[in-house]
Amino acid sequence: MTESTAPVPGLDAAEVPEPGAVTIVVPTFNESANIRQLLRRITESVPARLPCEVLFVDDSTDDTPEVIRAAAQDCPFPVAVVHREEPVGGLGGAVVEGLKAATSQWIVVMDGDCQHPPSLVPELVATGERAKADLVVASRYIEGGSRAGLAGGYRVAVSRGATWLTKALFPRRLHGISDPMSGFFALRRSAVTADALKPLGYKILLELAVRGRPRRVAEVPFVFQERFAGESKSTAQEGFRFLRHLAGLRTASPVARMVGFGLIGASGFVPNLVGLWALTALGVDYLPAEILANQLGVAWNFLLIEQLLFRDRRAHRRWWDRLGRFALLANADLVLRLPLMALLVGRFGMGALPATALALVMTFVLRFVGTEALIYLPRRRGSRARRAA
Ligand SMILES: Nc1nc2c(ncn2[C@@H]2O[C@H](COP(=O)(O)OP(=O)(O)O)[C@@H](O)[C@H]2O)c(=O)[nH]1
Ligand SMILES: [Mg+2]
């Protein structure tokens, strides 16, 4: 970490109580052409109203860190840069590093490409103080805000769709946050729960709002500017990461995971039926065709479950081990259901239809519990030794 410190002239800390009141965390990836402009704009609008320091968390492959160090010499506030050799968690991971390192009472996170106006930094913090909020979001979607700088109809539509989907998935947690996709926000340091966060890619505010559970949130409108220089680093791959991130957040509780498991299971009917149709069209008899097509559904379910539900719980078994166990459980489900139905009808005198439904539900729950316990629950170290003792 390098630091350049200089006395801060003419401080008027009327808006916040303490000196060194805000750390501005800026994640950067190859933004060398934007650094000087950004620091100039911060210099013009922040230190006179609010004592500040700037912390860049950098994953660049270009000379951004050197440019930051050089530009820092001319700044009337401390500027530091942490360069990460291993960019764990991408943009979100970088921001969490910044949150952990910051020491000020308030932290403001903003982009390094000048799309977020630094003149708003004091207002974000002042609003947080006034409203006694833990989190203050700069929003494009409340009156006075706009997404003017979002390039092109396609990106506007994607951003709108993502916001809508996210709000629909987390109606309670995101209550009072109109722009959960925003990358510009202020956070009270005492409310930072960096250890609870599992950032994945771009949407760090979403992570903070859902997993961090701030007690009170506020919003301030802002106009999303054009990029000053260079190009957006957001890619289609980032879009997939976002969907995985959403799935991970939404299925953090066992009940939600079971619902996800059920939805994925239901979606498996599609490849199953398509496979059946294709095989019978090729002249395969429908019984062997269904047995084969069913495996297609199993493979589909396995892929989705691995990607969306248990992504971070796969390391302790090899993929073929997991697939084998999954396929066994899925087929055992079929084998188990028939005798279970017979039992429910024969022994307990149930009608065929309710017996089928009940057997479906029972084997579903068994399969879910079995999948968690037999495939994705990490093996406890030393459990064998303890058993032997
Ligand atoms: N540290 C770090 N910063 C990143 C990464 N990806 C993007 N950024 C920075 O995050 C900010 C927002 O990225 P940008 O490409 O402008 O996204 P957009 O505004 O959604 O188009 C910029 O300051 C980028 O330099 C990353 O992997 N690591
Ligand atoms: Mg940008």
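Residues in segment 52-101 that are within 15 Å of ligand 1 (Cβ to nearest atom) and of a type in the set (Phe, Trp, Tyr): PHE56 alone.
Give segment 159-175 a look and list any residue that's among the aliphatic types (A, V, I, L, M) and either open to solvent by 10 Å² or more (accessible area, probe 1.4 Å) or not assigned by TED's automatic domain parsing to the domain that holds VAL95 (or both), or say none.
Quick first cut of segment 159-175, residues among the aliphatic types (A, V, I, L, M) only: 162, 165, 168-169, 174.
Selection gives ALA162, LEU165, ALA168, LEU169.
Of the residues that sit in segment 248-263 and are closer than 19 Å to TRP300 by Cβ and of a type outside the set (D, E, K, R), which one is most open to solvent (accessible area, probe 1.4 Å)? Taking the candidates together, the pick is LEU263. All told, SER104 falls short of being more than 9 Å from ligand 1 (Cβ to nearest atom), farther than 15 Å from LYS233 by Cα, touching a helix residue (DSSP H, G or I) at 6+ places or on another chain (Cβ under 9 Å) and not in a loop (DSSP other than H, G, I, E, B).
Only one entry of PRO47, PRO87, PRO65 meets the criterion of being at pLDDT below 95 and under 23 Å from ILE204 (Cα atoms), and that entry is PRO87.
Here LEU205 meets each of (1) part of a helix (DSSP H, G or I); (2) within 16 Å of ligand 2 (Cβ to nearest atom); (3) open to solvent by 10 Å² or more (accessible area, probe 1.4 Å) with one exception, condition (3). Taken together, SER178, SER182 contain a single residue that is modelled with pLDDT of 90 or more, open to solvent by less than 50 Å² (accessible area, probe 1.4 Å) and within 13 Å of ligand 1 (Cβ to nearest atom), which is SER182. Which ones in segment 159-197 are of a type in the set (A, V, I, L, M), out of contact with any helix residue (DSSP H, G or I) (no Cβ under 6 Å at 6 or more places or on another chain) and within 16 Å of ligand 2 (Cβ to nearest atom)? The answer is ALA162, and nothing else. All of GLY351, GLY297 fail the test of being in contact with a Pro (Cβ under 6 Å, 6 or more places away or on another chain) and open to solvent by less than 80 Å² (accessible area, probe 1.4 Å), apart from GLY297.
Considering each of ALA209, ALA229, ALA278, ALA236 in turn, give the residue that is assigned by TED's automatic domain parsing to the domain that holds TRP164, farther than 30 Å from THR61 by Cβ and not basic (Lys, Arg). Exactly one residue qualifies, and that residue is ALA209.
I need the full set of residues from segment 123-158 which are among the β-branched types (Val, Ile, Thr), within 16 Å of ligand 2 (Cβ to nearest atom) and crowded, with 19+ Cβ neighbours inside 10 Å, in order please. If the condition is that a residue be among the β-branched types (Val, Ile, Thr), within 16 Å of ligand 2 (Cβ to nearest atom) and crowded, with 19+ Cβ neighbours inside 10 Å, then no residue fits. For segment 82-103, residues that are surrounded by 21 or more Cβ atoms within 10 Å (Cβ to Cβ) and either aliphatic (A, V, I, L, M) or under 14 Å from VAL54 (Cβ atoms) (or both) total 7.
Is it the case that segment 71-79 has a residue that's open to solvent by 50 Å² or more (accessible area, probe 1.4 Å), hydrophobic (A, V, I, L, M, F, W, C) and in a loop (DSSP other than H, G, I, E, B)?
Our first condition is that a residue be open to solvent by 50 Å² or more (accessible area, probe 1.4 Å); within segment 71-79, this holds for 73-74.
Those still in the list that are hydrophobic (A, V, I, L, M, F, W, C) too: none.
No; the residues of segment 71-79 include none that is open to solvent by 50 Å² or more (accessible area, probe 1.4 Å), hydrophobic (A, V, I, L, M, F, W, C) and in a loop (DSSP other than H, G, I, E, B).
The values are calculated or read from the model by the stated rules, or taken from the named source; none is laboratory data. Because the structure is a prediction, the values reported are computed rather than measured. When we count neighbours, we look across all protein chains shown, and the Cβ atoms used for this are built from the backbone with ideal geometry, even at glycine. In case anyone asks, the SASA skips ligands and DNA or RNA and just uses the protein heavy atoms, side chains included. Shrake-Rupley method; radii C 1.70, N 1.55, O 1.52, S 1.80 Å.
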